[in-house]
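Engineer: If you scroll down you'll find the structure; I have some questions about it.
The values are calculated or read from the model by the stated rules, or taken from the named source; none is laboratory data. All figures in this text were calculated on a predicted structure; none of them were measured in a lab. Note: ideal-geometry Cβ built from the backbone for every residue, glycine included; neighbour counts use all protein chains shown.
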């Protein structure tokens, strides 16, 4: 199976649009379309439905996604078995805060060869078997053979449409969100972000709606743009784009500011020189004073 095509498929799922996947992969949109078409032909199924909002996974695409990610993880393990090679670092998503932190490291240390992976729930296993050198995580629990350092407190913001009652607010307090519907379909139990938002909701009496299938960020943005009741939550460092007509508003949450505590995690004994440089680079942050963070990250 063509792993470049598989990698492109996963990137398109994460980005939500072929154009954005092309930007993330530094290739043309035409190349993305050709790779996806070739993969669909080899599998004899449709992986995406193309809509005006972007690329939406079909049932077959959703079934193939975890296997696609495992193929990419297997590729990393194979490369790690035969060479030391570049520093391999996992980020949850290429448009989220950790990817921005990693890009800053690359700009400051262009001499360090770097590979970026997005392994999600397989990242800890990849750390332990040496497939990757480091991962950005919010630590709920840390296995004994791994080590970590805190790197960043990312503020969480409200994202809502122009008709939402809080759209014109300069800021809102977490208590003001109580009873309002917050749509987060990607938040599932058993994940670190699931643990974070579960504790956040419990602390302030929030209604976080994670029910139903996750059709991607594009569909969530369409929903909140058209609604005067539904909103979502995003990290302040997340790169989120929407059509100009949506008129969405990012509203800071304050008093207290909820922050998502990012850490860098690696396997103990990993002597990759690039890892030492990355740790030094990320050790410059300061914890946000007076912020709300979950009990397991205090």
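Engineer: Does any residue of the range 210-220 turn out to be in a helix (DSSP H, G or I) and surrounded by fewer than 16 Cβ atoms within 10 Å (Cβ to Cβ)? Full working, then the answer.
Structural biologist: Of the range 210-220, the ones in a helix (DSSP H, G or I) are 217-220.
Pick out the ones that are also surrounded by fewer than 16 Cβ atoms within 10 Å (Cβ to Cβ) and you get none.
No: the range 210-220 contains no residue that is in a helix (DSSP H, G or I) and surrounded by fewer than 16 Cβ atoms within 10 Å (Cβ to Cβ).
Engineer: Here's a follow-up. Within the range 259-276, does at least one residue satisfy the condition of being in a helix (DSSP H, G or I) and touching a helix residue (DSSP H, G or I) at 6+ places or on another chain (Cβ under 6 Å)?
Structural biologist: First, the residues of the range 259-276 that are in a helix (DSSP H, G or I): 273-276.
Among the residues that remain, those that are also touching a helix residue (DSSP H, G or I) at 6+ places or on another chain (Cβ under 6 Å) are: none.
The answer is no, given that none of the residues of the range 259-276 is in a helix (DSSP H, G or I) and touching a helix residue (DSSP H, G or I) at 6+ places or on another chain (Cβ under 6 Å).
Engineer: Next up: Out of 208, 217, report the one residue that is closer than 16 Å to residue 96 by Cβ and in the same structural domain as residue 165 (by TED's automatic domain parsing).
Structural biologist: Numbers: 208 fails: closer than 16 Å to residue 96 by Cβ.
After ruling out the rest, the residue left standing is 217.
Engineer: Let me ask something additional. Find the residue count for the range 277-298, including only residues that are within 24 Å of residue 104 (Cα to Cα) and assigned to a loop (DSSP other than H, G, I, E, B).
Structural biologist: Here is the first cut: in the range 277-298, the ones within 24 Å of residue 104 (Cα to Cα) are 277-289.
Of the ones still in play, those that are also assigned to a loop (DSSP other than H, G, I, E, B) are 283-289.
So the count comes out to 7.
Engineer: A further question on this structure: Looking at the range 181-204, is at least one residue exposed (fewer than 14 other Cβ atoms within 10 Å of the Cβ), within 17 Å of residue 258 (Cβ to Cβ) and touching a helix residue (DSSP H, G or I) at 6+ places or on another chain (Cβ under 8 Å)?
Structural biologist: Taking every residue of the range 181-204 in turn, none turns out to be exposed (fewer than 14 other Cβ atoms within 10 Å of the Cβ), within 17 Å of residue 258 (Cβ to Cβ) and touching a helix residue (DSSP H, G or I) at 6+ places or on another chain (Cβ under 8 Å).
Engineer: Scan the range 194-223 for residues that are modelled with pLDDT under 90 and within 21 Å of residue 239 (Cβ to Cβ) and jot them down.
Structural biologist: In the first step, residues of the range 194-223 are kept if they are modelled with pLDDT under 90; the result is 211-219.
Across the range 194-223, the qualifying residues are 214, 215, 216, 217, 218, 219.
Engineer: Here is a list of conditions, (1) buried (at least 18 other Cβ atoms within 10 Å of the Cβ); (2) under 21 Å from residue 157 (Cβ atoms), and residue 265 meets all of them except one; can you say which number that is?
Structural biologist: Looking at each condition in turn, residue 265 falls short on (2).
Engineer: Within the range 243-256, can you find the residues that are touching a helix residue (DSSP H, G or I) at 6+ places or on another chain (Cβ under 9 Å) and either over 25 Å from residue 23 (Cα atoms) or not in a loop (DSSP other than H, G, I, E, B) (or both)? Explain how you work it out, then say what you get.
Structural biologist: First, pick out the residues of the range 243-256 that are touching a helix residue (DSSP H, G or I) at 6+ places or on another chain (Cβ under 9 Å): 243, 245-248, 253-256.
Of everything in the range 243-256, those that are touching a helix residue (DSSP H, G or I) at 6+ places or on another chain (Cβ under 9 Å) and either over 25 Å from residue 23 (Cα atoms) or not in a loop (DSSP other than H, G, I, E, B) (or both) turn out to be 245, 246, 253, 254, 255, 256.
Engineer: Quick test for you: out of 188, 240, pick the one residue that is within 22 Å of residue 51 (Cβ to Cβ), outside the structural domain of residue 23 (by TED's automatic domain parsing) and assigned to a loop (DSSP other than H, G, I, E, B).
Structural biologist: Within the list 188, 240, the selection yields 240.
Engineer: Oh, and also: Out of the range 24-59, which residues are assigned to a strand (DSSP E or B), without any contact (Cβ under 8 Å) to a residue 40 or more places away in the chain and more than 20 Å from residue 70 (Cβ to Cβ)?
Structural biologist: First, the residues of the range 24-59 that are assigned to a strand (DSSP E or B): 48-51, 54-57.
Pick out the ones that are also without any contact (Cβ under 8 Å) to a residue 40 or more places away in the chain and you get 48-51.
Answer for the range 24-59, where residues must be assigned to a strand (DSSP E or B), without any contact (Cβ under 8 Å) to a residue 40 or more places away in the chain and more than 20 Å from residue 70 (Cβ to Cβ): 49, 50, 51.
Engineer: Here is a follow-up. Can you tell me which of 94, 88 is touching a helix residue (DSSP H, G or I) at 6+ places or on another chain (Cβ under 8 Å), closer than 28 Å to residue 224 by Cβ, at pLDDT below 95 and buried (at least 20 other Cβ atoms within 10 Å of the Cβ)? Write out each step before concluding.
Structural biologist: Working: 88 fails: closer than 28 Å to residue 224 by Cβ.
Answer to the selection: 94.
Engineer: Can you tell which of 78, 73, 21 is over 19 Å from residue 217 (Cα atoms), in a helix (DSSP H, G or I) and touching a residue at least 12 places away in the same chain (Cβ under 8 Å)?
Structural biologist: Working: 78 fails: touching a residue at least 12 places away in the same chain (Cβ under 8 Å); 21 fails: over 19 Å from residue 217 (Cα atoms).
The unique qualifying residue is 73.
Engineer: Filter the range 37-84 for residues that are more than 19 Å from residue 4 (Cα to Cα) and at pLDDT below 80; which is surrounded by the most Cβ atoms within 10 Å (Cβ to Cβ)?
Structural biologist: Out of the qualifying residues, it is 54.
Engineer: Could you check the range 126-161 and list, in sequence order, the residues that are assigned to a loop (DSSP other than H, G, I, E, B), modelled with pLDDT of 90 or more and surrounded by fewer than 15 Cβ atoms within 10 Å (Cβ to Cβ)?
Structural biologist: Matches in the range 126-161: 145 only.
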